[in-house]
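The values are calculated or read from the model by the stated rules, or taken from the named source; none is laboratory data. Source: prediction; values computed, not measured. No Cβ is skipped: glycine too gets one built from the backbone with ideal geometry, and neighbour counts run over all protein chains shown. Just the protein is used for accessible areas: all its heavy atoms, side chains included, with ligands, DNA and RNA removed. Shrake-Rupley method; radii C 1.70, N 1.55, O 1.52, S 1.80 Å.
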Amino acid sequence: KMFRDDTGWRRVFFCSWFPALRILRDNPQDFTRQLDAIAAAGYQGIRVFLAVGGWSDYWDGREVAPVGFTKWLFSQQSGHLHPAGYGAWIEAWPDYDDLLRKLLRACRSRKLRLHVTTGDMQIICPDAAIELDMHRRFARICAEEGGLEVIALAEATNEFPLNRHGGDSPQSIEQMGKILRVWTDAIPGVLTAMGAIPQNEEPASLEKASTYGNVCAVHVTRQPVETAVKRALGLVYWEGDYRHFPKPFWEGEHIGPGPDSYQ
């Protein structure tokens with residue numbers, strides 16, 4: 001139920017910095033300023049997106065593009081898994097691998113570890129074979145730049161029912177299992193998680209979200225705060241049987257002021 005490293009048992013306390021690679025690419029000085037502030041604040045690590053930028057307007061100008069892709073237009077009617085239309089073509093960054101190495105080295109030198117994940121994969125990388133190759137590329141670079149000294153957790157897809165081709169179908173879940181094996185082959189001992197079912201603490205959802213991986217990623221209910229706190233604590237205490245759930249929880253997005261953690 002707890003995490004440890006060579007120093008003993010640890011409370012794991014990370015922050016979210018989703019577009020870190022984009023900031024490094026566009027404004028290296030601001031990247032360094034923010035990274036130093038994260039280290040000074042006492043965080044042990046950072047959650048970053050290695051690829052993102054498909055359907056949400058929030059990501060316009062914040063895309064992280066290891067491969068080229070066509071943006072989707074989103075509507076409530078079409079939902080997350082089907083495009084309401086098509087937007088601009090986003091070119092793959094020719095310097096992506098170098099930027100990832102710089103990010104890893106900057107974090108390692110500050111003794112910060114990373115929780116790496118991806119978003120919008122039904123748009124960015126809908127082909128299963130290409131997606132596996134992309135993760136092999138990520139994992140190889142991360143292994144070469146320090147492995148466990150810099151990577152704490154490899155997560156297949158952020159909020160996978162919304163952000164994967166196939167959503168939470170059996171085929172999609174099997175693909176996430178293959179992705180996690182890519183990471184453990186490259187970095188033996190790394191923590192792994194499929195991804196969270198958003199704002200959901202139901203037992204069936206938690207079990208689905210931990211089909212593969214040694215950690216269950218959760219994004220807890222956020223509003224109202226009283227309910228959110230109760231449900232977050234309920235994950236741990238589980239109606240008085242705190243050892244019931246077989247895997248430790250990793251709360252990648254928490255309750256907070258506003259509907260989304262980055263606010």
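Computed over the chain, relative contact order equals 14 percent, with contacts defined as Cα pairs under 8 Å that lie 6+ residues apart. Solvent-accessible area assigned to carbon and sulfur over the chain amounts to 52 percent, based on a 1.4 Å probe.
Using only the heavy atoms of the protein chains and a 1.4 Å probe, how would 110, 164, 11, 181 rank by accessible area, largest first?
Descending order: 11, 181, 110, 164.
Across the protein chains, with a 1.4 Å probe defining accessible surface, the residues 149, 131 rank 149, 131 from largest area downward. For the chain, the residue among 122, 212, 160 whose Cα projects farthest onto the positive side of the dipole built from Cβ charges is 212. In a Debye calculation with equal point scatterers on the alpha-carbon sites of the range 65-121 and no solvent, what is log10 I(q)/I(0) at q = 0.14, 0.24 Å⁻¹? Rounded to two decimals, the profile gives -0.58, -0.97. Backbone amide hydrogens, once placed in the peptide plane, bring residue 3 within less than 5 Å of 10, excluding anything fewer than 5 places away on its chain. The modelled label-to-label distance between residue 202 and residue 73, using points 7 Å beyond Cα along the C-beta direction, is 3.3 nm. Ordering 42, 73, 14 by the projection of their Cα atoms onto the charge dipole of the range 1-147, which places +1 on the Cβ of Lys and Arg and -1 on the Cβ of Asp and Glu, puts 42 at the extreme positive end. Here the contact order of the range 141-263, divided by its residue count and restricted to Cα pairs under 8 Å and six or more residues apart, works out to 20 percent. Exceedance of the 30 Å cut-off in Cα-Cα distance is limited, within the set 71/102; 178/230; 111/247; 111/230, to 178/230; 111/230. Overall shape of the range 166-259 was characterised from the C-alpha gyration tensor. The equivalent ellipsoid obtained from it has semi-axes of 25, 15, 13 Å, in decreasing order.
Summary value for the range 170-220: 37 percent relative contact order, contacts being C-alpha pairs under 8 angstrom separated by 6+ residues.
Across all C-alpha atoms in the range 1-100, the radius of gyration and Dmax reach 17.1, 51 Å.
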